[in-house]
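The values are calculated or read from the model by the stated rules, or taken from the named source; none is laboratory data. Bear in mind that the values here come from a model prediction, so they are computed numbers and not experimental data. Because the Cβ atoms are built from the backbone with ideal geometry, glycine has one as well, and the counts that use them run over all protein chains shown.
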């Protein structure tokens, strides 16, 4: 199974979000939410790593890790986005 490049770009983008929020002076309002987003980025990069086929006939076994970490990354990213949204609108 080839590596999904979209997952890599999504992970890198989510890892850049806290740094860009720091430059925009917004991160202090929603620090916990941006930590959730960065965690989601790490999980997406981990899912992309599971999508890599090393040979040895492990491609189908590793696809479960790809699906698992993609779903967990989606949930963590949604939680982070909701925390950021609630902290920005609440104050």
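Brief remarks follow.
- The single condition from (1) modelled with pLDDT under 90; (2) outside any loop (DSSP other than H, G, I, E, B); (3) more than 18 Å from residue 8 (Cβ to Cβ) that residue 78 fails is (1).
- Condition met for residue 17 (over 13 Å from the mean Cα position of the chain (by Cα), at pLDDT 90 or above, buried (at least 16 other Cβ atoms within 10 Å of the Cβ) and on the phi < 0 side of the Ramachandran plot): no
- Members of region 27-53 found to be in a loop (DSSP other than H, G, I, E, B) and out of contact with any helix residue (DSSP H, G or I) (no Cβ under 8 Å at 6 or more places or on another chain), listed by number: 28
- Hits in region 1-14 (condition: at pLDDT below 90, farther than 17 Å from residue 75 by Cβ and in a helix (DSSP H, G or I)): 5, 6
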